[in-house]
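Colleague: What follows is a single structure, and I will ask about it in a moment.
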Amino acid sequence: MNQFPKRLLVANRGEIARRILLTARKAGIETVVVHHPVDQDLPFVSEADVAVALEAETPVKAYLDQKQIVQIGLWTGAEAVHPGYGFLSENPDFARAVRAAGMCWVGPPPEAIAAMGDKVEARNRVAAAGVPVSGGVGDVLRNAEDAVAEANRIGYPVMVKASGGGGGIGMTVARDDDQLRKAFASARSMSERSFGSDRIFVERFVEAARHIEVQVLGLDDGSILTLGERDCSTQRRHQKLVEETPAPGLNPEVRARLLDAAVVAARSVDYRNAGTVEFLLDTATDEFVFLEMNTRIQVEHPVTELTHGVDIVEQQLSIAWTGTTTPDFAPKPEGHAIEFRLCAEDPVRFFPSPGPIDEWVEPSGPGIRVDSGYRAGLSVTPHFDPMIAKICVSGRDRNEALERARGALDGFLVGPVRTNLPFLRRLLDSPEFIRGSYDTSIVATVTSR
């Protein structure tokens, strides 16, 4: 049996589409991409063997058109479909449609996607397997008074969350009954608009917390492999900006427990392919709770690749096609890596700031890797997430990685579109980040100075 499919359709755009195409070319896989006309000049379109334009009312709807994408896959002779992240990557119906059409789905089974896609059901599932969760388990809350009763049971402050959501949408901290009633109504409305679901739950909010996640690979024989942890605590509006591995200053015993818990969580849904199990770690007690499982490749996967000497996209393709990793798969954890998300946004308020790119010079050198979706002469449109590149650095240890990061951030030249580079530089010079003793409040701390 061949290790990989002969022809792959990439159902995504921008940086992640280019990243998947890179691995496919190295593996000798022919590639197909779909694109909305607004993206026709982006690098990923010209880098594929075949590019097919999508028809839709809006650019976003184009990349969410399951039927059209499956038809293009069949028409172009694609044997497999890789969804990247975002868009349809965690849509179980799309995974089923790809499989029903006779193509290979490069991702976990639809049943695992569905089980982890609803946060309440996911919490119930992993808790039953023995993984700690915040505030206990149960049904979604029917109304604001149910939320108040639950908050008084587990204790304020609490975080209000959309059960079917992601990307920080609808998440609000409430510190008393009145705040919770308002937050519940707001979160329910936003969740219904964004995700087509009004299912809301609350969990205990930890004031000084770290966001730690574990990379897993599930194989067809039931094995769950782990590729270390990543610290994703640097966030604005509950969305990640910087990730690093290994998590600085993490107690080895806590690390071992996190990896074990991730394996248990993945096994609870018979997980296959690449995924990430996310936890919230209380810095005061070193206790952690399950947050969610992302049933796809993560934006921050490069730092794991840099410290383990593996290609996660390659392993995704191999597992999807053969049920197991490539024969030469031999991860060797060493060194330290950090990823900075370069976004077209106001560096103070973090609001999206689309615009033209007249200058685009990527840094290079030892330990520097840039995954990007743009080049000079293009424009960042307002239709999509504002991330335009990922600046990744690695070194023998964290100090060397930090030094290379300074050179990489200073060496990235982009304009006149506004980006968050000024903030990333300030963050890198902050005492908390330099020490590695930060938590999810670090962005607020840096911006308040």
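The values are calculated or read from the model by the stated rules, or taken from the named source; none is laboratory data. No experiment lies behind these values; they were computed from the predicted model shown. Cβ: placed from backbone, ideal geometry, glycine included. Neighbour counts: every protein chain shown.
Colleague: Within region 273-293, take every residue that is among the β-branched types (Val, Ile, Thr) and part of a strand (DSSP E or B) and give me the one that is nearest to Asn12 (Cα to Cα).
Modeller: For region 273-293, the residue satisfying everything is Thr276.
Colleague: Going through Leu421, Leu378, Leu428 one at a time, which residue ends up being aliphatic (A, V, I, L, M) and over 20 Å from Phe350 (Cβ atoms)?
Modeller: The unique qualifying residue is Leu378.
Colleague: Restricting to region 58-86, what's the tally of residues that are over 15 Å from Ile20 (Cα atoms), of a type in the set (A, V, I, L, M, F, W, C) and either touching a His at 6+ places or on another chain (Cβ under 9 Å) or buried (at least 20 other Cβ atoms within 10 Å of the Cβ) (or both)?
Modeller: Result for region 58-86: 5.
Colleague: Also, quick follow-up: Quick one: how many residues across region 335-362 are surrounded by fewer than 13 Cβ atoms within 10 Å (Cβ to Cβ) and among the charged types (D, E, K, R)?
Modeller: Qualifying residue count for the region: 2.
Colleague: Return yes or no: is Asn399 touching a Cys at 6+ places or on another chain (Cβ under 6 Å), over 23 Å from Phe44 (Cα atoms), assigned by TED's automatic domain parsing to the domain that holds Thr307 and not acidic (Asp, Glu)?
Modeller: no
Colleague: Residues Thr276, Thr307: which one is among the hydroxyl-bearing types (Ser, Thr, Tyr) and under 18 Å from Gly218 (Cα atoms)?
Modeller: Result of the check over Thr276, Thr307: Thr276.
Colleague: Looking at region 249-268, which of its residues are buried (at least 24 other Cβ atoms within 10 Å of the Cβ) and in contact with a helix residue (DSSP H, G or I) (Cβ under 6 Å, 6 or more places away or on another chain)?
Modeller: Ala265
Colleague: So Ala187 passes all but one of these: (1) in contact with a helix residue (DSSP H, G or I) (Cβ under 9 Å, 6 or more places away or on another chain); (2) crowded, with 18+ Cβ neighbours inside 10 Å; (3) at pLDDT below 85. Which condition number does it fail?
Modeller: For Ala187, the exception is condition (1).
Colleague: Then there's this: Residue check, Pro108 against (1) surrounded by fewer than 23 Cβ atoms within 10 Å (Cβ to Cβ); (2) touching a strand residue (DSSP E or B) at 6+ places or on another chain (Cβ under 6 Å), all met but one. Which one?
Modeller: Here Pro108 clears every test but (1).
Colleague: Could you go through region 203-210 and let me know if any residue there is surrounded by fewer than 17 Cβ atoms within 10 Å (Cβ to Cβ) and modelled with pLDDT under 95.
Modeller: Scanning region 203-210, I find at least one residue that is surrounded by fewer than 17 Cβ atoms within 10 Å (Cβ to Cβ) and modelled with pLDDT under 95, so the answer is yes.
Colleague: Among the residues of region 427-435, are any in contact with a strand residue (DSSP E or B) (Cβ under 7 Å, 6 or more places away or on another chain), of a type outside the set (A, V, I, L, M, F, W, C) and not in a helix (DSSP H, G or I)?
Modeller: no
Colleague: Considering region 363-401 alone, what residues qualify as being of a type in the set (A, V, I, L, M) and either within 19 Å of the chain's Cα centre (by Cα) or surrounded by 18 or more Cβ atoms within 10 Å (Cβ to Cβ) (or both)?
Modeller: Answer for region 363-401, where residues must be of a type in the set (A, V, I, L, M) and either within 19 Å of the chain's Cα centre (by Cα) or surrounded by 18 or more Cβ atoms within 10 Å (Cβ to Cβ) (or both): Ile368, Val370, Leu378, Val380, Met387, Ile388, Ala389, Ile391, Val393, Ala401.
Colleague: Shifting gears a bit: In region 43-59, is there at least one residue being hydroxyl-bearing (Ser, Thr, Tyr), in contact (Cβ under 8 Å) with a residue 60 or more places away in the chain and not assigned by TED's automatic domain parsing to the domain that holds Ile391?
Modeller: The answer is yes, given that some residue of region 43-59 is hydroxyl-bearing (Ser, Thr, Tyr), in contact (Cβ under 8 Å) with a residue 60 or more places away in the chain and not assigned by TED's automatic domain parsing to the domain that holds Ile391.
Colleague: If you don't mind, another one. Return the only residue of Arg349, Arg296, Arg375 being outside any strand (DSSP E or B) and farther than 30 Å from Leu9 by Cα.
Modeller: Exactly one residue qualifies, and that residue is Arg349.
Colleague: Would you check if Ala11 is surrounded by fewer than 24 Cβ atoms within 10 Å (Cβ to Cβ) and either in the same structural domain as Ser372 (by TED's automatic domain parsing) or among the small types (Gly, Ala, Ser) (or both)?
Modeller: no
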